[in-house]
Every structure is written in C-alpha cells, then in structure tokens.
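The values are calculated or read from the model by the stated rules, or taken from the named source; none is laboratory data. It should be emphasised that the depicted structure is a prediction, and the values quoted were computed from it without experimental measurement. Heads up, the Cβs are rebuilt from the backbone with ideal geometry, glycines too, and the neighbour counts pull from every protein chain shown. Only protein heavy atoms, including side chains, enter the accessible area calculation; ligands, DNA and RNA are left aside. Shrake-Rupley method; radii C 1.70, N 1.55, O 1.52, S 1.80 Å.
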Amino acid sequence: LKSMMWETNASEFTRILGEFCVNNACYPEFLNYFKINYLDDDKYIQWCAAFQPQTYTNMETNNFVESWHNQLKSTYMERKRNRRVDRLIFILINDIEADFVANTNRIQLNVGRMGPEERRRKRELDAEAIN
C-alpha cells in the first residue's frame, strides 16, 4: 500500500494496484472494503502521489509532520487536551480539510507569500534575464 501511495507515475500506479488486487484475492472482504472506500468514484486521486504531485512534494521529513501536528494542536484544537476521537475527526473533516484545499489553491495560483521554491524560481528567472 505504501509503494502505491508514493508512486509518482500513473501507469505504474495502475500496474501496482492490479498486482495488489491479484496478490490479495484470497481476502475478498478486504478487497471489497478497499474498493468501496479507496477506489470507487476516483477516490484514489486524493491519496496517490501520481495524481497530486504538488501535494506530495517535500513531505517526507519529520519537520513537516511536527510542524503540522503543532498547527493542529495550537490552531484547531486551541491547546486543549483531546481525549475523544470523534472530536478529532470532526475537526479534521470540517475545519482542516477546507483550509487545506484553500491553501493548496492559493499556492497553485501563486497568491500570497512566496515559499522557498517560488523564491528559488524567481532568482533563476532574474538571473536568466540578466544574461
């Protein structure tokens, strides 16, 4: 599953998915659950790197995970102790998903502050203009 998620080539993802289904054919209930929850209605586009290259770039570092966890605790959970999973799921679905989509759209449209990649690209364009 992990290799499927991180595969960046769509045709290779399809091949790995086919192998996964063949290799796990002895678990029909699991494959049915997997198909309904992760494949039907093109749901795989949301979790596979091949279909969202901008989302899965530079996300393999622990710093990214720690930063996101800090933002989750401080911004969305207001530093309150949470012992209920249903409350966490509610926050993830209703608050964070909308903010994540808006932030991704803002980055794609190049609106707002420049990140390190945009600054690097701007420096390259400025250097090319001088030459």
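Tabulated results
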{"item": "Entry for Cα Rg over 2.2 N^0.38 Å (calculated from the structure that is shown) out of (i) 1.23; (ii) 0.99; (iii) 1.37", "result": "(iii)"}
{"item": "The chain, dipole about Cα centre (Lys/Arg Cβ +1, Asp/Glu Cβ -1), debye to the nearest 20", "result": "700"}
{"item": "Helix axis angle, 97-108 relative to the chain longest principal axis, alpha carbon, degrees", "result": "50"}
{"item": "Potential extension, Asn94-Leu39 segment - 0.36 nm per residue separation minus Cα distance", "result": "17.6 nm"}
{"item": "Accessible surface, per residue, of the chain when the full set of protein chains is kept, probe 1.4 Å, Å²", "result": "81"}
{"item": "Dipole of the chain, positive end: most advanced residue of Phe34, Met5, Leu109 [Cβ charges, Cα centre]", "result": "Leu109"}
{"item": "Between 0 and 90°, nearest 10: helix 62-71 axis offset from the chain longest Cα axis", "result": "90"}
{"item": "Percent carbon-and-sulfur accessible area, the chain, ignoring ligands, DNA and RNA, probe 1.4 Å", "result": "54"}
{"item": "Kirkwood Rh in Å, taken over all unlike Cα pairs in the range 89-131", "result": "12.4"}
